[in-house]
């Protein structure tokens with residue numbers, strides 16, 4: 001019994017140490033951000049690297065999600081004589097929920113893993129240590145531009161996902177099923193509020209961008225400088241980011257609906 005309690009205490013102690021180290025790195029990252037943002041070309045390069053190179057998977061995924069939403073929405077709403085409202089259903093589902101969440105999950109798998117692997121390989125190759133020896137702060141020079149690049153890229157990718165998904169829903173509902181195009185767009189325009197619906201989606205995408213990017217950078221920065229350590233950190237990035245996105249989505253949705 002004593003040994004079991006000791007193992008629990010040791011596990012809690014290690015967890016608290018990890019949480020403290022994560023919080024310390026996060027606040028250090030924020031403190032170094034103003035100087036890093038003065039060289040915005042570094043942030044712009046990361047927005048291109050993280051955002052532009054993720055456009056293909058975001059666009060294709062958004063298109064097929066729109067296809068599925070339109071089909072499922074049509075067959076469900078048809079039972080109640082409200083098939084014309086499929087446009088509103090597709091738009092609300094995308095801008096409120098699926099756009100930010102699915103984009104964040106895809107971003108974690110595509111860009112988050114590349115960030116972790118890049119930082120982990122820099123640590124394994126002692127490039128970060130060399131920067132410190134040359135009085136260059138790796139948090140300011142390496143982590144901060146990548147952090148803000150991910151935060152900026154995430155809402156843009158979520159907007160692209162939602163827009164392409166709505167186009168996919170229109171193709172299925174109007175071009176394939178035969179719903180009136182005017183009813184499709186008018187129902188969408190009347191049912192989607194810019195501030196209550198689109199605004200909430202933007203807030204979610206920003207929170208998810210901060211979370212996924214920081215988790216990816218943290219795992220790369222804190223990984224063991226070995227091939228096995230980098231591999232394990234890359235796996236942890238996907239797992240922790242996905243769980244964090246889903247948990248934050250629930251909390252944000254509950255908060256937004258209660259306001």
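Note down the nm distance, to one decimal, between modelled labels 7 Å out along Cα→Cβ at residue 235 and at residue 136.
Computed distance between label sites residue 235 and residue 136 equals 3.3 nm.
Could you check the spin-label model distance between residue 167 and residue 8? Points 7 Å from the Cα along Cα→Cβ, value in nm.
5.6
Does the stretch 142-259 come out rounded, prolate or oblate by the C-alpha gyration tensor, with a ≥ b ≥ c the root eigenvalues, rounded set by a/c under 1.5 and, if not, prolate when a/b is larger than b/c and oblate if not?
Taking the square roots of the gyration eigenvalues as a ≥ b ≥ c, the stretch 142-259 is prolate.
Using the Cα gyration tensor of the stretch 1-107, with a ≥ b ≥ c the square roots of its eigenvalues, what is the shape: rounded (a/c below 1.5), prolate (a/b larger than b/c) or oblate (neither)?
oblate
With each run of n ≥ 4 DSSP H residues scored as -39500 (n - 2.57), what mean residue ellipticity at 222 nm is computed for the chain after dividing by its residue count and rounding to the nearest 500 deg cm²/dmol?
-26000 deg cm²/dmol
Quick check: the angle from helix 40-51's long axis to the longest principal axis of the chain, C-alpha only, nearest 10 degrees?
Value to nearest ten degrees: 60.
Indicate the gyration tensor shape class of the stretch 74-132 (rounded, prolate or oblate), computed on the Cα atoms with a ≥ b ≥ c the square roots of the eigenvalues: a/c under 1.5 is rounded; otherwise a/b larger than b/c is prolate and the rest oblate.
Because a/c hits 1.5 or more and a/b exceeds b/c, the stretch 74-132 counts as prolate.
To test your reading of the geometry: what angle, between 0 and 90 degrees and rounded to tens, separates the Cα axis of helix 181-191 from the longest principal axis of the chain?
It works out to around 60 degrees.
Sort 53, 110, 7 so that the residue with the fewest other Cβ atoms within 10 Å of its own Cβ comes first and the one with the most comes last.
Ordered from fewest to most neighbouring Cβ atoms within 10 Å, 53, 110, 7 come out as 7, 53, 110.
Please order 49, 75, 80, 221 by the number of other Cβ within 10 Å, starting at the fewest.
Ranking 49, 75, 80, 221 by Cβ neighbours within 10 Å, fewest first, gives 80, 75, 49, 221.
Distances over 18 Å make up what percent of all Cα-Cα pairs in the stretch 1-64?
When all Cα pairs of the stretch 1-64 are counted, 67 percent exceed 18 Å.
Please work out the Cα center distance from the stretch 127-187 to the stretch 11-69, rounded to the nearest Å.
After rounding, the separation between the Cα centres reads 11 Å.
Read-outs throughout are calculated quantities, based only on the coordinates presented, and are distinct from any laboratory measurement. Predicted model, so just to flag it, every value in this text is computed and none were measured. Positions of Cβ are generated from backbone atoms using ideal geometry, with glycine treated the same way; all protein chains shown enter the neighbour counts.
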